[in-house]
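One structure is given below, encoded as structure tokens.
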Amino acid sequence: MTRDPDRLTIAVPRGAMLRETLDLLDAVGVDTAEVRANDRKLLFEDVGIVTMRPSDVPTYVEAGAADVGITGKDVLTEQEEREVVELLDLGLGPCRMILATVATPEGEPDPASEALRRLGVMRVATKYYKIATRYFEETGRAVEIVEVKGSVELAPLTGLVEAIVDLTATGTTLKENGLVIREEILASTARLIANPVAHKLKSAAIDELTRRMRDAVAPTSSASAA
């Protein structure tokens, strides 16, 4: 069978945003039944869906392996060098990039501020090196960034750092580990992005998908704004 040249390949994020993303795709006419029925399968050529980590979506879209994709604004901000076209704020998966430290008794300084006062520098663990570096440069504070890949919450509990920069939706994991939010760095929601070449060559299909998604998320977006 010859593939329709105007059909889009969509990069879909696995993990926390997967279910909401699939619900949105169903709402705009993309059949996701096969995706839902196969937890381990990654490529669904019959419906034009490829699933991956949210952090990989910009890579695949930039390279043209997917025409469009859905990923968080946090990912796009961290990977600002990626040449992709941001089309639409979908309002899905709202979360915040925050600075957090171990909780301290009322009236006592937080560990990060105290380290900055005593030593002139504070240590911060994060998976988001570029976002953290830029934030502290903009706020004029000297930091030593420690990149970690696993549970960032562990770093201040073991004395590796005084603070963390991480993404949180509800703050529950932070509270369970005795951490408190000190500052909010940015807000993040899922975004629809496109490959620049596909955005031109498949403009009609991409514009139609964008329109349908905008209509589908409009009630949610309005509620979020309120």
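The values are calculated or read from the model by the stated rules, or taken from the named source; none is laboratory data. Values in this document were obtained by computation on a predicted structure and should not be read as measured data. Virtual Cβ from ideal backbone geometry, glycine too; neighbours counted across all protein chains shown. These accessible areas exclude ligands, DNA and RNA; they are computed on the full protein's heavy atoms, side chains included. Shrake-Rupley method; radii C 1.70, N 1.55, O 1.52, S 1.80 Å.
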Answer with yes or no whether V217 is of a type in the set (V, I, T), surrounded by 15 or more Cβ atoms within 10 Å (Cβ to Cβ) and at pLDDT below 95.
yes
Only one of E137, E83, E106, E144 is of a type outside the set (K, R), more than 25 Å from R53 (Cα to Cα) and either assigned by TED's automatic domain parsing to the domain that holds P58 or at pLDDT below 95 (or both). Can you tell me which?
E106
So N38 ticks every box in (1) modelled with pLDDT of 95 or more; (2) open to solvent by less than 80 Å² (accessible area, probe 1.4 Å) but one. Which box is left unticked?
(1)
Looking only at the stretch 41-65, and only at residues there that are of a type in the set (D, E) and surrounded by 12 or more Cβ atoms within 10 Å (Cβ to Cβ), the one that is farthest from T189 (Cα to Cα):
E62
Mind listing whichever residues of the stretch 37-65 are part of a helix (DSSP H, G or I), under 11 Å from V12 (Cα atoms) and of a type in the set (A, V, I, L, M)?
V57, V61
Going through the stretch 178-209 one residue at a time, which ones are surrounded by fewer than 17 Cβ atoms within 10 Å (Cβ to Cβ) and of a type outside the set (D, E)?
G178, V180, I181, R182, L186, A187, P196, V197, K200, L201, S203, A204
Is it the case that some residue within the stretch 150-172 is open to solvent by 70 Å² or more (accessible area, probe 1.4 Å), touching a strand residue (DSSP E or B) at 6+ places or on another chain (Cβ under 7 Å), of a type in the set (S, T, Y) and modelled with pLDDT of 95 or more?
no
Selection within the stretch 66-88 - part of a loop (DSSP other than H, G, I, E, B), open to solvent by 40 Å² or more (accessible area, probe 1.4 Å) and in contact with a helix residue (DSSP H, G or I) (Cβ under 8 Å, 6 or more places away or on another chain)
E80, R82, E83
Hey, can you tell me all the residues within the stretch 133-147 that are farther than 18 Å from L119 by Cα and either of a type in the set (D, E) or touching a helix residue (DSSP H, G or I) at 6+ places or on another chain (Cβ under 7 Å) (or both)?
E138, E147
Which residues, counting only those in the stretch 109-141, are open to solvent by less than 50 Å² (accessible area, probe 1.4 Å) and either acidic (D, E) or in contact with a Gly (Cβ under 9 Å, 6 or more places away or on another chain) (or both)?
D110, E114
Residue list for the stretch 172-208, filter: free of Cβ contacts under 8 Å to residues at least 40 places away in the same chain and not assigned by TED's automatic domain parsing to the domain that holds V28
T172, T173, K175, E176, N177
Do we have R96 as open to solvent by 20 Å² or more (accessible area, probe 1.4 Å), of a type outside the set (S, T, N, Q) and more than 19 Å from R182 (Cα to Cα) here?
no
